[in-house]
Amino acid sequence: MSQAPNNQGNRLLQIIARIEDTLLVLMLSAMIILAGLQIIMRNVFQSGFTETDSLLRILVLWVGMIGAIVASRERRHISIDILTRYLSVNARRYVDVIINMFVVIVCGLLATHSLRMLLVDYAGATIAFSRVPTWLLESILPVAFCIITLRYMMFSWQSIVALIKARGQA
Amino acid sequence: MILFGLALIILALLGAPLFAIIASSAMANFYMADIDLSVVAIELYRLAEMPALIALPLFTFAGYLLGESKAPQRLVQLTDALLGWMPAGLAIVSLAACAFFTAFTGASGVTIIALGALLYPALKQAGYPENFNLGLITTSGSLGLLFAPSLPLILYGIIVQQMNLDQSVTIDDMFIAGILPGLLMLLLLIGWALYVNRKTARPLQKFAWHKVRAAVRASIWELPMPFIVLGGIYTGFFAVSEAAAVTVLYVLIVEVFVYKEVSLKHLPEVMRDSMILVGAILIILGVSLASTNYVIDADIPTKLFNTIKEFVSSKLTFLILLNIFLLILGALLDIFSALVLMIPLLLPIALGYGIDPVHLGIIFLANMQLGYFTPPVGMNLFIASHRFNKPVMQLYKATLPFFFILLFAVLIITYWPSLSLSLLGR
């Protein structure tokens, strides 16, 4: 995060990071509380709400996607780390640029196509459960992939700057 | 297309996030087949349609929470009081405690960090050889993977369920199937510990009731947990997702409010940390649903099966090849990615050879457990090297005997299906 253009940009990034973290914690808390309530309802009052079940399943998706956003920010996505160990510092700089830009393209495509799915459900006014429209529940997909794309654009820029700097020094 | 695939493999080996690799291969395949790419998004959304999946975030969080508390110390104290009187007592204590802890925390390296830090110095002080200790701790980091409620067992059940096979597999089945193979691994390692230290290892202490009482008193609040969770699951009182919710609530109350070892202030950080792992796993599961959809649409498992069938006619030969393949896979890929990527391909083929889906799951996970410390890239080798500040080469050497012992166990598990299936009556 050291390459932010200026202090204000840096602060903005910090605020966004705070929002992501808070949402993640809130979603997990909601999941735990709802799951607990559901068990009590089912075993004590012999009645569960099907809405709660649907809501819990949606929460899994949302927690997963927001978790993926934070994993992107902290570069903690699962990857195979075999060759990088044996690369020279210089080669690693090139590889960084390529990988970051690759993720930008893939996540950009995922964002576009999940937005298209959302628009179809929006136009069709499909309902997921109760009166909750499907598009609202799906919205986490385009949003998450947008944020991940932006994040990796930033990483790409940083890795290009690092590469140019290193070449300038050589 | 072949060039594109090759490029993806190289990118993956260079450390590109696996979810991006899988997503791009799925999109490329759908694009070539003239299928609208929004199908990838539709498949991703199916993450919200799997009722059992909630067990994954809940158990992961519970595991992280346990790792943050002093539960590991209490666990060691208790196993020590119960098993410390045996010859090579401390080694046996280590193995049993690690297996138990790994089952509850998922084999994500937490065991080595949380328990290894306690056990390694203790083993050293008790006079066990250094390489034995290093090997023991590193191996124990994935021991217990086959015991409920470990995350990989749950994930295997979830993946198989959404494949809609004729033969059903429930997560409960997996929990029961893992018991005997898991015990086999544990017993073989205990045997090895006894053998290596046959001359030197004296019992830690005599069995003493007052020690047991003290240890039980210390962990009195945590003791009911395995009984509630495992008892609840095995008797069918709880569904797995409910058991996960009960575990989380129980662990939260005990560690935060009773023992007060994790402060409320620290709690959000633990939540966040655990959910990063969950996010990393779920996004891979999500995009692999899309790639699996293509794989099945294109009938690839059947084609693969027909090709393999030409060269491999017997079930036995297939199992041998499977073992070799999974060992390599386990050293390269983490267990979660390996599961979501390979099971949809492997399972139909294995079924073609008449292998029970539950048995395949146990074979797969047992091999993957080995992969955690298979040189040169097993993850736990690096975690242990980092944690104990030892060169990776020394860890390669230290884990080698353990590797061969567990390899022997994996072979027994593979070629003796009843070990996994008899408790299920399959």
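The values are calculated or read from the model by the stated rules, or taken from the named source; none is laboratory data. Quick caveat, the model's predicted, so the values are computed rather than measured. All Cβ positions, even for glycine, are placed from backbone atoms using ideal geometry, and neighbour counts span all protein chains on display. We work out accessible area using only protein heavy atoms, side chains counted, and drop any ligands, DNA or RNA first. Shrake-Rupley method; radii C 1.70, N 1.55, O 1.52, S 1.80 Å.
Can you tell me which residue is most open to solvent (accessible area, probe 1.4 Å) among those in segment A:102-128 that are of a type in the set (Gly, Ala, Ser) and within 15 Å of A:Ile140 (Cβ to Cβ)?
Initial filter on segment A:102-128 (of a type in the set (Gly, Ala, Ser)): A:108, A:111, A:114, A:123-125, A:128.
Adding the requirement that they be within 15 Å of A:Ile140 (Cβ to Cβ) leaves A:111, A:114, A:128.
Numbers: A:Ala111: 11, A:Ser114: 2, A:Ala128: 46 Å².
Looking at the filtered set, the residue picked out is A:Ala128.
Which condition number in (1) of a type outside the set (Phe, Trp, Tyr); (2) within 11 Å of another protein chain (Cβ to nearest Cβ); (3) farther than 19 Å from B:Ser337 by Cα is the one that B:Gly89 fails?
In the conditions (1) of a type outside the set (Phe, Trp, Tyr); (2) within 11 Å of another protein chain (Cβ to nearest Cβ); (3) farther than 19 Å from B:Ser337 by Cα, B:Gly89 misses (2) alone.
Output the residues belonging to segment B:248-278 that are part of a helix (DSSP H, G or I), among the charged types (D, E, K, R) and without any contact (Cβ under 8 Å) to a residue 60 or more places away in the chain.
Residues of segment B:248-278 that are part of a helix (DSSP H, G or I), as a first pass: B:248-258, B:267-278.
From the residues that got through so far, the ones that are among the charged types (D, E, K, R) too are B:255, B:269, B:272-273.
Hits for segment B:248-278 are B:Glu269, B:Arg272.
State the number of residues belonging to segment B:238-292 that are hydrophobic (A, V, I, L, M, F, W, C) and either open to solvent by 10 Å² or more (accessible area, probe 1.4 Å) or more than 9 Å from chain A (Cβ to nearest Cβ) (or both). Before you say what the answer is, go through the steps one by one.
Going through segment B:238-292, the residues hydrophobic (A, V, I, L, M, F, W, C) turn out to be B:238-240, B:243-246, B:248-249, B:251-254, B:256-258, B:262, B:264, B:267, B:270-271, B:275-278, B:280-285, B:287, B:289-290.
Subset that is either open to solvent by 10 Å² or more (accessible area, probe 1.4 Å) or more than 9 Å from chain A (Cβ to nearest Cβ) (or both): B:238-240, B:243, B:246, B:249, B:251-254, B:256-258, B:262, B:264, B:267, B:270-271, B:277, B:289-290.
Counting residues in segment B:238-292 that are hydrophobic (A, V, I, L, M, F, W, C) and either open to solvent by 10 Å² or more (accessible area, probe 1.4 Å) or more than 9 Å from chain A (Cβ to nearest Cβ) (or both) gives 21.
Select, from A:Leu55, A:Leu61, the only residue that is over 30 Å from A:Leu163 (Cα atoms), within 19 Å of the chain's Cα centre (by Cα) and buried (at least 17 other Cβ atoms within 10 Å of the Cβ).
Working: A:Leu55 fails: within 19 Å of the chain's Cα centre (by Cα).
The match here is A:Leu61.
Looking for whichever is farther than 14 Å from B:Ser142 by Cβ, without any contact (Cβ under 8 Å) to a residue 60 or more places away in the chain and aromatic (Phe, Trp, Tyr) here; the options are B:Phe388, B:Phe404, B:Phe408. Which one fits? Can you show your working first?
Values: B:Phe388 fails: without any contact (Cβ under 8 Å) to a residue 60 or more places away in the chain; B:Phe408 fails: without any contact (Cβ under 8 Å) to a residue 60 or more places away in the chain.
Only one candidate qualifies: B:Phe404.
Taking segment B:140-197, which residues are in contact (Cβ under 8 Å) with a residue 12 or more places away in the chain and among the polar types (S, T, N, Q)?
Once the filter is applied, which keeps residues that are in contact (Cβ under 8 Å) with a residue 12 or more places away in the chain and among the polar types (S, T, N, Q), segment B:140-197 yields B:Ser140, B:Ser142, B:Ser150, B:Gln161, B:Gln162, B:Gln167, B:Thr170, B:Asn197.
Which residue out of B:Leu381, B:Leu423, B:Leu395 is touching a Pro at 6+ places or on another chain (Cβ under 8 Å) and in contact (Cβ under 8 Å) with a residue 40 or more places away in the chain?
Values: B:Leu423 fails: touching a Pro at 6+ places or on another chain (Cβ under 8 Å); B:Leu395 fails: touching a Pro at 6+ places or on another chain (Cβ under 8 Å).
One residue alone meets the criteria, B:Leu381.
Of everything in segment B:342-354, what is surrounded by 21 or more Cβ atoms within 10 Å (Cβ to Cβ) and touching a residue at least 60 places away in the same chain (Cβ under 8 Å)? Give them in sequence order.
B:Ile343, B:Pro344, B:Leu347
Residue by residue through segment B:376-395, note down the ones that are away from chain A (no Cβ under 14 Å), surrounded by fewer than 24 Cβ atoms within 10 Å (Cβ to Cβ) and part of a helix (DSSP H, G or I).
Within segment B:376-395, B:Arg387, B:Phe388, B:Gln394 meet the criteria.
Have a look at B:Leu365, B:Leu360, B:Leu339, B:Leu332 and point out the one that is open to solvent by 10 Å² or more (accessible area, probe 1.4 Å) and not aromatic (Phe, Trp, Tyr).
Numbers: B:Leu365 fails: open to solvent by 10 Å² or more (accessible area, probe 1.4 Å); B:Leu360 fails: open to solvent by 10 Å² or more (accessible area, probe 1.4 Å); B:Leu339 fails: open to solvent by 10 Å² or more (accessible area, probe 1.4 Å).
Answer to the selection: B:Leu332.
Report, ordered by the first and then the second residue, all pairs with beta carbons closer than 9 Å, sequence separation of six or more or different chains, a first member in segment B:212-240 that is closer than 24 Å to A:Asp53 by Cα, and a second member that is hydroxyl-bearing (Ser, Thr, Tyr) and open to solvent by 30 Å² or more (accessible area, probe 1.4 Å).
Listed pairs, sorted by first residue: B:Ile228/B:Tyr250; B:Val229/B:Tyr250; B:Val240/B:Thr170.
Does segment B:151-171 hold any residues that are in a helix (DSSP H, G or I), under 15 Å from B:Val340 (Cβ atoms) and aliphatic (A, V, I, L, M), and which are they? So that I can check it myself, show each step before the final result.
So in segment B:151-171, the residues in a helix (DSSP H, G or I) come out as B:151-161, B:171.
If we keep only those that are under 15 Å from B:Val340 (Cβ atoms) as well, we get B:151-161.
Scanning segment B:151-171 gives B:Leu151, B:Leu153, B:Ile154, B:Leu155, B:Ile158, B:Ile159, B:Val160.
Restricting to segment A:112-156, give me the number of residues that are touching a residue at least 40 places away in the same chain (Cβ under 8 Å), farther than 30 Å from A:Ile99 by Cβ and away from chain B (no Cβ under 12 Å).
1
For B:Phe373, which of the numbered conditions (1) part of a helix (DSSP H, G or I); (2) crowded, with 22+ Cβ neighbours inside 10 Å fails to hold?
With respect to (1) part of a helix (DSSP H, G or I); (2) crowded, with 22+ Cβ neighbours inside 10 Å, B:Phe373 is out only on (1).
Name the pairs whose Cβ atoms lie under 6 Å apart, with the first residue in segment B:298-318 and free of Cβ contacts under 8 Å to residues at least 40 places away in the same chain, the second in a loop (DSSP other than H, G, I, E, B) and open to solvent by less than 40 Å² (accessible area, probe 1.4 Å), and 6 or more positions between them or separate chains?
Once the first residue is free of Cβ contacts under 8 Å to residues at least 40 places away in the same chain and sits in segment B:298-318, its partners that are in a loop (DSSP other than H, G, I, E, B) and open to solvent by less than 40 Å² (accessible area, probe 1.4 Å) give B:Phe318/B:Val312; B:Phe318/B:Tyr353.
Report yes if A:Arg76 is surrounded by fewer than 19 Cβ atoms within 10 Å (Cβ to Cβ), free of Cβ contacts under 8 Å to residues at least 40 places away in the same chain and in a helix (DSSP H, G or I), otherwise no.
Against the criterion (surrounded by fewer than 19 Cβ atoms within 10 Å (Cβ to Cβ), free of Cβ contacts under 8 Å to residues at least 40 places away in the same chain and in a helix (DSSP H, G or I)), A:Arg76 does not qualify.
Every residue in segment A:25-52 that is more than 7 Å from every other protein chain (Cβ to nearest Cβ), assigned to a helix (DSSP H, G or I), surrounded by 14 or more Cβ atoms within 10 Å (Cβ to Cβ) and not small (Gly, Ala, Ser), please.
Within segment A:25-52, A:Leu26, A:Met27, A:Leu34, A:Leu37, A:Gln38, A:Met41, A:Arg42, A:Thr52 meet the criteria.
Residues B:Leu119, B:Leu123: which one is buried (at least 20 other Cβ atoms within 10 Å of the Cβ), free of Cβ contacts under 8 Å to residues at least 40 places away in the same chain, over 18 Å from the mean Cα position of the chain (by Cα) and not in a loop (DSSP other than H, G, I, E, B)?
On the way: B:Leu119 fails: free of Cβ contacts under 8 Å to residues at least 40 places away in the same chain.
That would be B:Leu123, the only listed residue that is buried (at least 20 other Cβ atoms within 10 Å of the Cβ), free of Cβ contacts under 8 Å to residues at least 40 places away in the same chain, over 18 Å from the mean Cα position of the chain (by Cα) and not in a loop (DSSP other than H, G, I, E, B).
Can you report the number of residues in segment B:162-172 which are farther than 10 Å from B:Val240 by Cβ and open to solvent by less than 30 Å² (accessible area, probe 1.4 Å)? Give the derivation first.
From segment B:162-172, those farther than 10 Å from B:Val240 by Cβ are B:162-169; that's our starting set.
Applying the additional criterion that residues be open to solvent by less than 30 Å² (accessible area, probe 1.4 Å) yields B:163, B:169.
Adding up the residues that qualify gives 2.
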